[in-house]
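This report concerns only the one structure given below.
The values are calculated or read from the model by the stated rules, or taken from the named source; none is laboratory data. What you are looking at is a predicted structure, and each value in this text was computed from that prediction instead of being measured. Methodologically, a virtual Cβ is constructed for each residue, glycine included, from the backbone with ideal geometry; neighbour enumeration extends over all protein chains shown.
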Amino acid sequence: MTTPENTQQQPAQETVTDPASPDAPFMRQIKTYVLRAGRMGSGQMRAFEQFGPKFLIPYSAERLDVQAAFGRSAPLILEIGFGMGDATAKIAQVRSGDNFLCCEVHEPGVGALLKRCGEEHIGNIRIVQHDAIEVMDHMLGTDSLDGVHIFSQTLGTKAATTSAA
């Protein structure tokens, strides 16, 4: 029989695992999106080819030279999850004195906004087709933003707001 007097206390062994290690216990990186399925139309595909070189900024784990990317110095607004880009295009047209760096991973949406930017000559938008968290962590410096717009399809949808009765 074991009693508290004759039980040897063993120091607790603490296991420390590097979160980046493949053996890390169920570590998942937080994303700002859920990748949705969708088909690109021919107009969206053409927009990538025709307008992508001007408006698309490839993701890079390095600081973005914002002035060079936009060709001017202006207040910088980060747009997260612009969907098909309708609101983003309208806001950018009304606020032509601001630069809009837009993050979206939904390819048809990126194509749709590229098409609008090119056809409607919206010059104050640049698009990074990548996760906004990584864009903020790596491409943008501290205090580099003058505003943030966050769009989310799921916040107001029936599935998200309806409870089982």
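Couple of notes before you dig in:
- Within the stretch 79-92, the set of residues being more than 13 Å from Leu114 (Cα to Cα) and in contact with an Asp or Glu (Cβ under 7 Å, 6 or more places away or on another chain) comprises Gly81 only.
- The lone exception for Asp86 - which of (1) closer than 19 Å to Met136 by Cα; (2) more than 16 Å from the chain's Cα centre (by Cα) it fails: (1)
- None of Ile122, Ile91, Ile150, Ile127 is more than 14 Å from Phe55 (Cα to Cα) and at pLDDT 95 or above except Ile91.
- Count of the stretch 117-142 residues which are of a type in the set (Gly, Ala, Ser) and farther than 19 Å from Gly85 by Cα: 1
- Condition check for Arg28: loosely packed, with under 11 Cβ neighbours inside 10 Å, within 17 Å of Leu113 (Cβ to Cβ), modelled with pLDDT under 90 and of a type outside the set (A, V, I, L, M): no
- Scanning the stretch 128-152 for residues that are assigned to a strand (DSSP E or B) and within 14 Å of Ser60 (Cβ to Cβ) turns up just one, Val128.
- A single entry from Phe82, Phe70 fulfils the requirement of being surrounded by 17 or more Cβ atoms within 10 Å (Cβ to Cβ), of a type in the set (Phe, Trp, Tyr) and at pLDDT 95 or above: Phe70.
- Test: residue in the stretch 101-118 that is without any contact (Cβ under 8 Å) to a residue 24 or more places away in the chain, surrounded by fewer than 21 Cβ atoms within 10 Å (Cβ to Cβ) and either among the polar types (S, T, N, Q) or farther than 15 Å from Asp146 by Cα (or both): no
- Residues satisfying the stated conditions in the stretch 59-90, i.e. hydrophobic (A, V, I, L, M, F, W, C) and not in a helix (DSSP H, G or I): Ala61, Leu64, Ala74, Leu76, Ile77, Leu78, Ile80, Phe82, Met84
- Just one of the listed residues (Phe55, Phe51) is modelled with pLDDT of 95 or more, buried (at least 18 other Cβ atoms within 10 Å of the Cβ) and closer than 16 Å to His130 by Cα, and it is Phe55.
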